[in-house]
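Before any comments, here is the structure.
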Amino acid sequence: MAETIFIGVAWPYANGPLHLGHAAGCYLPADIFARFHRARGNDVLMVSGSDQHGTPITVQAEAEGTTPAEVVRRYHTGFLESWPKLGITWDLFTTTGTENHAQVAHDFFSRLLEQGYIFRDTMQALKCPKCNRFLPDRYVDGTCPYCGDKSARGDGCDNCGKPLNAEELVDPRCRICGTTPALFATEHCFLDLSKFSDRLAEWVARQEHWKPNVITFTKNFIESGLRPRPITRDINWGITVPVPGFESKRIYVWFENVIGYLSASKEWAKAQGEPDLWRKWWSEPARSYYFIGKDNIFFHTLSWPAMLMGYGGLLMPYDVPANEHLTLERRPLSTSRRWAIWLDDFLTRYDADSLRYVLSINMPESADTDFSWQEFVRRNNDELVATYGNFVNRVLSFTAREFDGRVPEPGNLADADKAFLDRASTAFQSVTDHLAHCRFRAAIGEAMTLAQEGNRFLEGRAPWHAIRQNRSDAATSLHTAIQVISALKTMMYPFLPFSSERLHRMLGLDGTLGKNDWAVAPVPAGTPLRSPEPLFKLLEDSVASEELARLRQAARE
Ligand SMILES: [Zn+2]
Ligand SMILES: [Zn+2]
């Protein structure tokens, strides 16, 4: 029976273009997972959207001397252009600026308020005496009270991943003018996480399938004590607070953006003409997966689950396969320091599948990993071109030349043929198992190993020699190799969708890939192949040094 799979992916702040770190952190793994499940015939709903609220947007707008709405419009448009180029297949990519989202967020807020999980209280918040304004979240810079990192911001520490309240920062400074802010009384609404402590601890204890880094972070957080957290802000950009007297305040962005997973599901259902269809992905036996970067673990394993418990009747997260960070040439990626490779720019010069391959085989699943230009060129040339592409090309070109472009009729299978076909079927099972458990590096590594073995198989069977004495033997080995290529095309599809589609056509097969076709599909003898073309492009060695120089130049400007 088909499974029902909900895939929620982190909402990117619409305050800058997408870079390789975003792709490796959550968008690529989510897309691989979605493609895999759709190919298995499962019912997938994958949603996300631009996060257009919060201080990351207003800080950027003030820096540019423009409006938050203009910043959001520009970057949201850019996101929409990037996704198809990278091959990210959303069911819906919306924004948090829709009327639908505001309604769903208000409903959520109001229900938690009625149930007593949200309360009002006066707190002391930082205000800049010079700018005469409150300084929520990113309007304050300072030192992290947990790890001592000096570049922490009022909404969290990038260094240790702890979410922060601005008031916790050591040596706080106004982001706008650098003045030391002072505390002033202000009334806010609080989500009372302490009321969920026992239920969350018990629920987290049952999530044995979570990644170790996610479990450890979450358990440590519960053990350090869950406290009420303010979920409104003194700011005028965002979703209004459905509470009298709060007209000049807005809901905190990390309270409402996670509600976006639900509001996007509802928006998608309405667009299908079946407004209640979303319920299928928000109740048993559906399973929900949240693909995020490690900075957002708290919001997805504690805050959002608490909100779901308080609201009631909605599916709890099944897995939160958070990734670690991608570094660039051994340094942290940084938008503000321009130490980044922008996705759009990258994809004007290189193929999406080359990038998807390199980011998948070296995905920061359990530790930070590094992207370097040298490694990119090496893996593209040695692995995609010389291993996988070469295996495919040798087999299809030789078949085109010697067998009139048709899949040859096999004779009796040699032991090597049987062993290779068995090996392909074992690899297929193993790739399936790895993908089902979000082990993406292992999955693509297994598929690439099979491609390597393909080249060894060809050298052992040597159809180019056999053709002169024993045409049937050459036909048999090519027939075998073509079956394995067909299996590889499927195994590689979630990772390398563009080249798998091309290979599908070269194999003379019709239709598009990825819908209910997750199987080792045989290609019958006699099938007319289409003219083979190289699957991947060889890159000049000089590319690495040229690109590195370009990166350094951009970071200096
Ligand atoms: Zn820290
Ligand atoms: Zn100031």
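The values are calculated or read from the model by the stated rules, or taken from the named source; none is laboratory data. Since the model is a prediction, treat every value here as computed from it, not as a measurement. For neighbour counting, all protein chains shown are included, and Cβ atoms are generated from backbone atoms with ideal geometry for every residue, glycine included. Note: accessible area is taken over every heavy atom of the protein model, side chains too, but ligands, DNA and RNA are not part of it. Shrake-Rupley method; radii C 1.70, N 1.55, O 1.52, S 1.80 Å.
Structural remarks
Okay, residues lined up against (1) modelled with pLDDT of 95 or more; (2) over 13 Å from PHE134 (Cα atoms); (3) more than 16 Å from ligand 1 (Cβ to nearest atom); (4) in contact with a Gly (Cβ under 9 Å, 6 or more places away or on another chain):
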position: GLY156; (1), (2), (3), (4): no, yes, no, no
position: LYS162; (1), (2), (3), (4): no, yes, no, yes
position: GLU167; (1), (2), (3), (4): no, no, no, yes
position: GLU187; (1), (2), (3), (4): yes, no, yes, yes
position: LYS195; (1), (2), (3), (4): yes, yes, yes, yes
position: ALA205; (1), (2), (3), (4): yes, yes, yes, no
position: LYS211; (1), (2), (3), (4): yes, yes, yes, no
position: ILE215; (1), (2), (3), (4): yes, yes, yes, no
position: ARG229; (1), (2), (3), (4): no, yes, yes, no
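- Residue that is farthest from LEU308 (Cα to Cα), among those in region 118-153 that are within 16 Å of ligand 1 (Cβ to nearest atom) and touching a residue at least 60 places away in the same chain (Cβ under 8 Å): ARG138
- Selection status of PHE33, touching a helix residue (DSSP H, G or I) at 6+ places or on another chain (Cβ under 9 Å), part of a helix (DSSP H, G or I), of a type in the set (Phe, Trp, Tyr) and modelled with pLDDT of 95 or more: yes
- Among (1) farther than 22 Å from PHE440 by Cα; (2) open to solvent by 50 Å² or more (accessible area, probe 1.4 Å) - the single one ARG287 does not satisfy: (1)
- Condition met for ALA427 (farther than 23 Å from PRO532 by Cα and crowded, with 20+ Cβ neighbours inside 10 Å): yes
- Within region 507-553, the set of residues being among the charged types (D, E, K, R), within 30 Å of ALA2 (Cβ to Cβ) and either modelled with pLDDT of 95 or more or surrounded by 17 or more Cβ atoms within 10 Å (Cβ to Cβ) (or both) comprises ASP517 only.
- For region 169-185, a tally of residues being open to solvent by 60 Å² or more (accessible area, probe 1.4 Å), of a type in the set (A, V, I, L, M) and away from ligand 1 (no atom under 16 Å from the Cβ) returns 3.
- Qualifying residue in region 376-393 (condition: of a type in the set (Phe, Trp, Tyr), open to solvent by 20 Å² or more (accessible area, probe 1.4 Å) and closer than 30 Å to ARG471 by Cα): no
- Within region 75-91, the set of residues being out of contact with any helix residue (DSSP H, G or I) (no Cβ under 8 Å at 6 or more places or on another chain) and surrounded by fewer than 16 Cβ atoms within 10 Å (Cβ to Cβ) comprises THR77, LEU80, PRO84.
- Within region 487-501, the residues that satisfy the criterion of being crowded, with 18+ Cβ neighbours inside 10 Å, within 24 Å of the chain's Cα centre (by Cα) and in a helix (DSSP H, G or I) are LEU488, LYS489, THR490, MET491, MET492, PRO497, SER499, SER500.
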